[in-house]
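For reference, the structure is listed below as structure tokens.
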Amino acid sequence: MKKRYYVTTIIASLLINMNSVSAEELTRQAIATKAVGQFGQEMRNKLVESLKKNGPSGAIDICAKDAPIISSRIEHEYGVVIKRTSLKVRNPQNAPDSLEKELLESLSALLNSGKTLPSGVVAFPNNQQRFYKTVQMEMACLQCHGDPKIINERVRKEITAVYPDDMAIGYKEGELRGIISITVK
Ligand code: HEC
């Protein structure tokens, strides 16, 4: 009787411990989810609006100039660091760190083997502070990231003028473009 009580107490305290760890992680994940949701929404709205108004050439500024402005405001608001990264970057400043690179490689292997990618905001493997959301190529993105043959001549020139080492072209719809990487402080 006594022994069973003892075992139950240990299990209960383990559960309480586990809960407190995961509660913290859940809170961080919720913050990361909110931040990335807002970032994605604002970027999308700007991009769609600008593509409609000025075509792809005018929209380059959204990806290049507005993205950092939007993300630094959200970073400040939520206490997070937001980064857009990829195995094939357009801007070398967006290059992945070692954890991001490892993750991107396994995500792309997963997708290539016909599996679906994790959806929503997910924790990095064995990490409680870093989260990510996968970014896949959509139709609208191809005007600037697709087959160079279909990219408007003027847009291509503008892109290469600013990003001489651009690697972010030749994508097809559905391919893994990269991740939004969020660190919750
Ligand atoms: C009008 C052209 C244009 C369109 C359309 C566009 N992008 Fe970009 N994209 C750019 C430019 C320019 C950069 C470089 C931004 C920078 O300097 O950080 C970029 C950078 C990125 C990056 C950061 C990593 C890197 O390569 O530097 C990601 C991720 C990305 N784009 C995803 C997308 C997705 C997803 C879409 C469609 C929803 C999209 N882009 C549509 C022009 C575009």
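Each reported figure results from applying straightforward, stated rules to the coordinates on display, with no laboratory input. Values in this document were obtained by computation on a predicted structure and should not be read as measured data. Note that each Cβ is placed from the backbone with ideal geometry, even for glycine, and that neighbours are counted across all protein chains shown.
So the values come out like this:
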item: Single residue of segment 135-145 satisfying the filter (among the aliphatic types (A, V, I, L, M) and not in a helix (DSSP H, G or I)) that is nearest to the chain's Cα centre (by Cα); result: 135
item: Meets criteria (part of a helix (DSSP H, G or I), within 15 Å of the ligand (Cβ to nearest atom), out of contact with any strand residue (DSSP E or B) (no Cβ under 8 Å at 6 or more places or on another chain) and not small (Gly, Ala, Ser)) for residue 148; result: no
item: Number of positions in segment 83-99 that are more than 11 Å from the ligand (Cβ to nearest atom) and not in a loop (DSSP other than H, G, I, E, B); result: 2
item: Failed condition for residue 164, given (1) farther than 15 Å from residue 64 by Cα; (2) in a loop (DSSP other than H, G, I, E, B); result: (1)
item: So residue 79, is it more than 9 Å from the ligand (Cβ to nearest atom), within 16 Å of the chain's Cα centre (by Cα) and closer than 22 Å to residue 33 by Cα; result: no
item: Pair list, Cβ under 9 Å, 6 or more apart: segment 153-173 residue free of Cβ contacts under 8 Å to residues at least 24 places away in the same chain, other residue more than 9 Å from the ligand (Cβ to nearest atom) and not in a loop (DSSP other than H, G, I, E, B); result: none
item: Pair list, Cβ under 8 Å, 6 or more apart: segment 36-59 residue surrounded by 13 or more Cβ atoms within 10 Å (Cβ to Cβ), other residue basic (Lys, Arg); result: 36/133; 40/133; 57/154
item: Scan of segment 157-175 for residues that are near the ligand (Cβ under 10 Å from one of its atoms) and not acidic (Asp, Glu), ordered by number; result: 159, 162, 163, 167, 168, 169, 171
